[in-house]
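Undergrad: The structure that follows is given in the form of C-alpha cells.
Each value in this text was obtained by applying a stated rule to the coordinates, not by laboratory testing. Because the structure is a prediction, the values reported are computed rather than measured. Note: ideal-geometry Cβ built from the backbone for every residue, glycine included; neighbour counts use all protein chains shown.
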Amino acid sequence: MVTEAQYMRWYRAAAGAAACSFLCLVGITILREERQNTWKDYQEAYRDTLTRRASSALQEQSAMEYPIEVRQISIPAIQRTDRCVSCHVGIEDARMRDLPLPYRSHSGILLAAHPPERFGCTVCHGGIGQSLDRNESCSADQPDQLHVPFVSLHAIESSCGRCHLAIFDTASVSMPTLLRGKLVFRREGCLGCHRVRGKGGSVGPDLTNEGSKSLRAFDFSRVSGPQTISNWMRRHFMDPGEVSPGSGMPGFALPNEELEPLIMVVRGLFSSSFPPEYLTLPLVKELKGVSAPVEGREGFALFCVACHGPEGRGREYATHQFGVPALANEDFQSVASDDYMLFTIIEGRGGRMMASWSSTVSHLQKQELRDIAGALRRWKSPFRPLASVRRAGSSRSEGEEVFGRTCAVCHGINGDGDLAKGISNADFLALASDRFLLETIVKGRSNTAMPAWGRLTDRELGSLLAFLRSLQTKPVQPESATRVQGDSVRGDSLYYSLCSRCHGRYGEGDLGPAILNGDFLAAATDGFLFGTIARGREHTPMFGWTSQARAGKKLIAADVNDVIAFMRTAPRPDFLPAGAGTGNPASGEKLFRELCAECHGEAGGGKKAPALHNQEFLGAATNGYLLATITLGRRGTPMPSWGTGSPRHRRLTASERKELVAFIRSWQTVVIRSDALR
Amino acid sequence: MPKPGHIIRQNVGASLSSILAVLRRVRTERTSVRERSRSVSKNFFLHMHSTRTHLYSLRPGFTLGLGFLSFSLFLILLCTGVLLMVYYVPSVEHAYGSVKDISTVVTGGRTIRNIHRWGAHGMVAVVVLHLARVLFTSAYTGTRRVNWMVGILLLCMTILFSFSGYLLPWDQLAFWAVTIASNIVASTRELTDLAGITAVVDPGGFVRRLLLGGDSVGQDALTRFYLLHVVILPITTIVLIGVHFWRIRKSDGLAIPAGGDDLVLKAQGIIDPVALEEAKLRREHTVLSWPTTLWAEGSVLLTALALLMLSAILVDAPLLAPADVSMPENPAKSPWYFLGVQELVSYSAFTGGVLVPLLLLVAVVAVPFVDREEKGAGSWFGGQQGKRVVIRSALVAFFLTIGIMTIAIGVGWQWTRNAPAVVALIANPGSFLATLYAIWSWWVLRSTSSTKMGVFALVSCCLIGGIIITIVGIWLRGPNWEFVW
Amino acid sequence: MNALQDGRHETEPLSRRDALAKLATASVAVAAVTALMVFLRVPIPSSLRERTLIRLGNPDRFPFNTFTFVSEKNIFIYRTREGFKALSALCPHLGCVITSAGPGFRCPCHGSTFDAHGTVLDGPAPKPLSWLKVGLAPDGQITVDTSERVSGEQFLRV
C-alpha cells in the first residue's frame, strides 16, 4: 500500500510530465503551422522581390513594409471568399510577368475586364478558394477530386460559359473555342434529346447544369484512361452505350478540333446563381426563358437533326437499334398533312424515342413549333399554278398512261372509282374546273387518302387534265367566284340532320367524301358546292337536294346557301376524326399477321418499322393517311406499295386494304385532343 | 493624527501582505493540518471534494481515473467549444464556410477544432468505460444507487452532445449521418405500421419531428441541434455533474472494498487489532484532499490535455464536401457509436433501432435494483468468481455474436423481405442476440445463485457484443451496405 | 400562523383563512404545471416547411410515359394517357432519396434496388416504395398527398 507521500510524488510527476509534453506539443503545433504556412514564405520572398525592384526610395520604403498576412477577396454577392492571393501575390502587378508561379502576374488581358475584387479567382479557375493549402485548393495531382473541380488550363474557356454562353442566341461569343463548340453543339442537334435552360427534348438528361457537376457525379467504372471529367465526356461522346449502359444516345465520331470545343461548351453550361449584373444579356434572357423565338429551319436544325438527320433521311430501322422515319421521303410528304406533322411534334409518340415537344415540356412556343413543322415542307414538291401547267403542253394519251400508273390504283381504271370516289362522274366533271382539278391533284386532300402529287411534271399534270376532260360527257359549267350569303347557324343544323350521315359528323368523310376539309373548301367555289348539293351526282348516293325529295325533305336554294355558309365557317374539332375507309377488322387481323407483323411487330409495336399500335400515331393518322400509306408504300424504304404489288409482295384489293385499316384503327383506345389542332 | 501618506502606505502594505498570504499558502509543507483542511472547506471549487480522501481510492489501478477523465474531457470540450462558437455560424448557408475558415485561417483554429472532435469521440468511449468500471467494482450498491441513475443520465447527455454536435459542420458526413440516425429514431413506425395505428400513435415520428423541426434535415434541424449542443445540454450536464459529485460526497467518497481500511493500515505496518481501531479513529487511512487528490486529478486533466493535443497534431478532423441533398453518401453511416445500432437496424428497424437500445437502457438502469448484494462491493469483479464469470461471458458473447452475425450476413436480406413483417420483427440478429444474452445471464444467475454474477454476465455480453457489431458497422460494411472483408 | 396549524380538529370545517391558503397553494401548483406545459409545447413544430398536400402545377407539364422527378418534393410523377400516378422517392429503409436506374430505381445509401412498380428487388429495404394519392385542385393543378398511400394500380384520370 502506498503512502500519501508516495502518491504525491507519483501524481506530481505525472502531472509535471503531462504539462511538459503539453507544452512541447503546443510548441510543435506552432512550428508546424509556421512550416505549413507556405503562403508566408511566398509573401516574404515576394517582399524581397518588391524591395529589389523598387525604383525609388518611396517604393523601397513601402516594399519593406509589405505586410505578411492572410489575403483574401470576399465577394458576398456571389458568396465567395478566395484566398488564392495569399500565395499568388503578384497576380495584379503587371511588372511580375517574368517571375515563376506563384508570383507571376496574371497572363493575358482578361484581368482588366474581370477585376479580382469583383470576380475573385474561383469563378474562372474553380477549386476551393477558402483553403490556404495548395493541395486542398487547387491540387495539381487530382484537380477533379475536389468537390469544386479545379479547371485545368486547357479547359479554362469552359468557365467563361458561366456568364457568356448563351446557346440559343445567334450572336457569337468572343471566346474562339467556345464559339466553335457552340456551333458544333447547335449543328449536331443535341437539343433534340437534351434540354438546356428549359428548351429542348426530354429524352436525355437535362444539361443545364452540366458544368457544375463534380467528379463524383460521373460514373467512371467503364472509362479507361485519365479519370478526369473531360476524358469521361470524350469517351462518352465516342461510345455512349459503353460508358453509360442502356443509353440510347448515338455515338458522335467527331474530329478532335470539333470534339474538344464541344466538350468545353458542355462543361461551360451553368444554371448560374449569379446576380444578373454578372451575366451577359442574352444569357439573362435565356435563363429567364425570354430569348428570341427560333425560326423554322433553325428550329429543325437545333432540335430535330440529331435523330432525323440534317437531310431528313432518318435512320434505317433495319440497321439501327432505334430507327427514325425519313421525313424527306417523297411519299411521306405527299401523304402526311400539316395537321399530322404538328400533331406528331406536339404530342410525340408515347413510349417511343419521339418525345412530346408541347410548349409546357419543351418551352418552345406554339408559333415556333408551327414554324418547325412548316420547315419540314421544304422536302415537298411545290405547288404549280395552272398557267405554268398550260404552258407545258399536254397529250391525252400520255394522260391516260399517267392516270393508269398513278391514279387508277385508287380511282379505278377509267376513273370509275375503287377505293376512292369515281372521278369520271359526269356531274362532277361538269362542275370541276381545270383549276379545281389541278389544285386537288397537286395539293391533295389533307387527312384523307388523296396524296399531293406535286412530283408529277407540268407536262404530266397537263396531260392528266386533258385525259380527265376527255372523260367528260356533260357540258362544263363556267366557274364563278360569287359567294353565297346564308345563315350558317341554320346551315349547321341542316348539315347535322341531313349531311352528316354520309359525310361524317365533322365532315371527315364516311360514305361520302370529306367535305369540311380545308383543302377541298379552298379549291371548291361556292358555285361548285351549290351545284353539287342542288343537283347531286348521278349514279351515286348523292342526290340532288333541290330536285329530288328523299325522306320527305327537299331543300330550297336558301337552304343550300345556309349549308354552304355553314361549311365555310365550320369550326374544326381539336382532334383528328378517323374518317372514311374501314372494313372488317377480323379479316384485317389475319392480313396483318400474314403480311405486316414481320416488320411492324406482332402487336404492331414496331420492330423493323414504325410502331403502329401507338395512341399518338393513331391520333395523328386518319384512316385516309393509313390507306394512302398502305396503297402507295414509301419508295426508298422497305414499305412496299400494296396497291400495285411487286414480285415480292402481292397486290391487296381495296377491301383488303380497308380491312387492314379497320384492324389498325381498332387499336385506338383514346381520342387525343391536341393543342396542335386549336 | 497620522499623516495621510503614512496611512496610505500602511493600507497598501496591508493589502500586499494579504495578497501575498494567498501565495504563501501554496507551499504545502509549511501549512498546518488545520490550514489545509480550512482551505478546502472555504474554497468554492475545492469544496466539491470532501476534506479527506481515502487512500485506497487514490490507487490508479482501482478507478483508472476514468470518472475524472470524463470530467476533464468535458471541461476541455467546454473551453474549446466556446472558442469555436466565436467563429461558427449556425445557418445552412454559412455553417460549412465558417468551419472551413476555422480550419484554415483562424489562428490555432485547426488545433482547437481537432481537440474538440477527438475529445468528443474520446468522451463517449471514456464514459462507457467509466460505466464498465463502476459496474464491475459494484460501486452502485446501497446509497450509490441514485448516483448510478445520475450517471446513466450523464451517459445519455454525452451521446446527445456528440450527436447534436455531429451535424454542425454541415458537410456530407454530418448531413447524411444525421439523416440516417433520425430515421432510426423514427423506426417505431415499423411496429405501428403493422398494427395500423401510425396515424394515431407515432412516438418515433414525434421525437424525430421534434428533433428536426420538420420532416427533413434543414435549417430548423441545424438551429435545434445547435441550441441543444450549446445551451440545453451544457446547462443540464453541468447541473447533473454537480449532483453526481455531491452524491459521491454523500456516500462518503468512492466505493472501496469492505476491508479497504484494514488493507491500507496493514500496509502502513499497523497490525495489532486495537491499534488498528485507534488508527481508524484517528483516520490515518485517509489523507487531506488538499493537495494529494487535487494533484491526482490535475495529472489526469493534464494527461487528457496532452493526449488530445497529440491526436490533434496527428490526425485532422474530417471535413468532406458541403452537404448536398441530391447526392447521398454511399454508404451513409451514422456516427461510430450508433453504427452497431445501424447494423441491427438493417435487419429490422424496430428491433435494432428501438427495442434493443431500450432494453439495454432498462437493463443498465435496473442493475442496482437487481443486484443488492453488499458483499464484494468496491473490489474488481468482487473476487475470483466474478473474474471467471466475466471472462466466460465475454467468450460466450464473442462466439455467439460472431456466429449469429455470420449467419445473418450470409443469409442476407432476401428472407426478411419475403417473410411476413411480423416474422422479420421477431426473428433477426438483434432479437436473437438479446434473447441469447438474457438466457446466458439467467443461467449464470441460477448456477451461482448470485444476482451480481448475473449482472456481470449480462453486461459483459452486451459490451463484447456491442463492440463486435460496432466493428462490423465501421469496417466491414462498404458501399450499398455490402459486406466487405 | 400557528393559530392555523394547532388547535384544529379534523372534523371542524375549514376556516376562510385555511381555505384561501390552500387555494393559494393550489393555484401556484397549477400555474407551475401550466407554465411547464406551455414551455414544452413551444418546441413542437406547428407549421412544417414541408406540406403534405403538394401542388405540382399544370398537368400538361409532365411528359407521357416517363417518370418525372420533382426534386424539391422527392416524388416521381408517372403519366400515361390514362392518367397520373405518384411514387414517393424516399427509400423505405432509412429515408434516403432514391435515383432512377434503368427501368427501376436504386437507393445509393445501402443499395436497395426497386423495379418500376416499387417492389424491392435487392437490398435491406423492408417494404416496397409507396405510391401516393394524386388529386386535382379546384384550379386544375395536380396535387399529391404525401401522407396518404394508395395501391400502385390507382390512376388519377385527367
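Undergrad: Taking the Cα centre of the protein assembly as shown as the origin and placing charges on Cβ (Lys, Arg +1; Asp, Glu -1), which of B:Ala317, B:Leu58, B:Ala181 is farthest toward the positive end of the dipole?
TA: B:Leu58
Undergrad: Which loop GluC sites (Glu not before Pro) in the stretch A:218-307, with loop taken from DSSP, have no more than 15 other Cβ atoms within 10 angstrom of their Cβ?
TA: Those that pass, being in a loop and sparsely packed, are A:Glu295.
Undergrad: Thinking of the stretch A:515-557 as a set of Cα atoms, what percent of all their pairs are more than 14 Å apart?
TA: Pairs farther apart than 14 Å: 52 percent.
Undergrad: Taking Cα pairs under 8 Å and at least six residues apart, what relative contact order does the stretch A:160-268 come out at, in percent?
TA: 31
Undergrad: Starting from one equal scatterer on each C-alpha and no solvent at all, send me the Debye-based log10 I(q)/I(0) for chain A at q = 0.09, 0.12 Å⁻¹, two decimals.
TA: Calculated log10 I(q)/I(0) at the listed q: -0.88, -1.26.
Undergrad: Here's another thing I want to ask about it. With +1 assigned to the C-beta of every Lys and Arg and -1 to the C-beta of every Asp and Glu, and no other charges, what is the dipole magnitude of the protein assembly as shown about the Cα centre in debye, to the nearest 20?
TA: 1880
Undergrad: Work out from phi, with θ = phi - 60° and the Karplus expression 6.51 cos²θ - 1.76 cosθ + 1.60, the ³J(HN,Hα) of each residue of the stretch C:103-117, listed in order in whole Hz, and give x for Gly and Pro.
TA: x, x, 9, 9, 9, x, 6, 10, x, 6, 10, 10, 9, 5, 9
Undergrad: I'd like to know which of C:Ala26, C:Pro92, C:Thr66 lies farthest towards the positive end of the charge dipole of chain C, counting +1 on Cβ of Lys and Arg and -1 on Cβ of Asp and Glu.
TA: C:Thr66
Undergrad: Which whole number gives the average, over all residues in C:121-132, of C-beta atoms from other chains lying within 10 Å of the residue C-beta?
TA: Average per residue, whole number: 4.
Undergrad: Please give the charge dipole size of the stretch B:342-461, origin at the Cα centre, charges +1 on K and R Cβ atoms and -1 on D and E Cβ atoms. Round to the nearest 20 debye.
TA: The dipole of the stretch B:342-461 has a size of about 260 debye.
Undergrad: Once the cut-off is 17 Å, how many percent of the Cα-Cα pairs in the stretch C:62-158 end up in the long-distance tail?
TA: I get 47 percent for the Cα pairs in the stretch C:62-158 exceeding 17 Å.
Undergrad: Could you sort B:268-278, B:150-160, A:648-658 so that the peptide with the highest average Cβ count within 10 Å comes first and the rest follow in order?
TA: B:150-160, A:648-658, B:268-278
Undergrad: Measure nothing but the geometry: give the 0 to 90° angle between the long axis through the Cα atoms of C:16-41 and the longest principal axis through the Cα atoms of chain C, rounded to 10°.
TA: Long axis of C:16-41 versus the principal axis of chain C: about 20 degrees.
Undergrad: A further question follows. How far is helix A:366-375 tilted, in degrees, relative to the longest principal axis of the Cα atoms in chain A, given as a value from 0 to 90 rounded to the nearest 10?
TA: 70
Undergrad: Return the average number of partner chain Cβ atoms within 10 angstrom of each residue Cβ along peptide B:343-350.
TA: Per residue, the number of nearby Cβ atoms from other chains is 3 on average.
Undergrad: Here is a further query. State which helices in chain B qualify, where a helix is a whole DSSP H run, it must extend 30 Å or more along its own axis by its Cα atoms, and its mean Kyte-Doolittle hydropathy must be at least 1.0.
TA: Passing helices, by number: B:145-167, B:289-314, B:384-411, B:451-475.
Undergrad: First measure r as the distance between the Cβ atoms of B:Arg282 and B:Arg388, then evaluate 1/(1 + (r/R0)^6) with R0 = 41 Å and state the FRET efficiency to the nearest 0.05.
TA: 0.55
Undergrad: Would you order A:Asp48, A:Asp98, A:Asp331 from fewest to most other beta-carbon atoms within 10 Å of each residue's own beta-carbon?
TA: Starting with the residue having the fewest Cβ neighbours, the order is A:Asp98, A:Asp48, A:Asp331.
Undergrad: Averaged over peptide B:55-62, how many Cβ atoms belonging to another chain are found within 10 Å of each residue's Cβ?
TA: 3
Undergrad: If you keep only loop residues by DSSP, which trypsin sites (Lys or Arg not before Pro) in the stretch B:250-359 have at most 10 other Cβ atoms within 10 Å of their Cβ?
TA: The qualifying sites are B:Arg282.
Undergrad: Turning to a different aspect of this structure: Once the stretch B:1-123 is represented by equal point scatterers at the alpha-carbon sites, with solvent omitted, what log10 I(q)/I(0) does the Debye formula produce at q = 0.12, 0.18, 0.19 Å⁻¹?
TA: -0.79, -1.01, -1.05
Undergrad: With +1 assigned to the C-beta of every Lys and Arg and -1 to the C-beta of every Asp and Glu, and no other charges, what is the dipole magnitude of the stretch B:178-281 about the Cα centre in debye, to the nearest 20?
TA: For the stretch B:178-281, the charge dipole is close to 380 debye.
Undergrad: Report the relative contact order of chain B, percent, no decimals, based on alpha-carbon pairs under 8 angstrom and at least 6 residues apart.
TA: 21
Undergrad: How much of the pair distance distribution for the stretch B:64-147 lies past 20 Å, counting alpha-carbon pairs only, in percent?
TA: Here the tail beyond 20 Å accounts for 48 percent of pairs.
Undergrad: Let me ask another. Binned at 10 Å from 0, what are the whole-percent values of the Cα-Cα distance distribution for the stretch A:267-340, short to long?
TA: 15, 31, 24, 20, 10, 1
Undergrad: Going out from 0 in 10 Å bins, what whole percent of all Cα-Cα distances in the protein assembly as shown drops into each bin?
TA: 1, 7, 11, 14, 14, 13, 11, 9, 7, 5, 4, 2, 2, 1, 0, 0
Undergrad: Using 0.36 nm times the number of residues separating A:Arg313 and A:His539, minus their current alpha carbon distance, what extension gain do you get?
TA: 76.8 nm
Undergrad: On to the next question. Which semi-axis lengths, in whole Å and largest first, follow from the square roots of five times the eigenvalues of the Cα gyration tensor of the stretch B:377-473?
TA: Values for the stretch B:377-473, descending: 31, 14, 9 Å.
Undergrad: Specify the angular offset, from 0 to 90 degrees and rounded to the nearest 10, of the alpha carbon long axis of helix A:526-535 from the longest principal axis of the alpha carbons in chain A.
TA: 40
Undergrad: Right, here's the next one. Using Cα pairs under 8 angstrom and six or more residues apart, how large is the relative contact order of chain C, in percent?
TA: Rounded, it is 19 percent for chain C.
Undergrad: With each run of n ≥ 4 DSSP H residues scored as -39500 (n - 2.57), what mean residue ellipticity at 222 nm is computed for chain A after dividing by its residue count and rounding to the nearest 500 deg cm²/dmol?
TA: -12000 deg cm²/dmol
Undergrad: If you don't mind, another one. If you build the Cα gyration tensor of the stretch A:533-678 and take the root of 5 times each eigenvalue, what three semi-axes come out, in whole angstrom, biggest first?
TA: Semi-axes (√(5λ), whole Å): 37, 20, 13.
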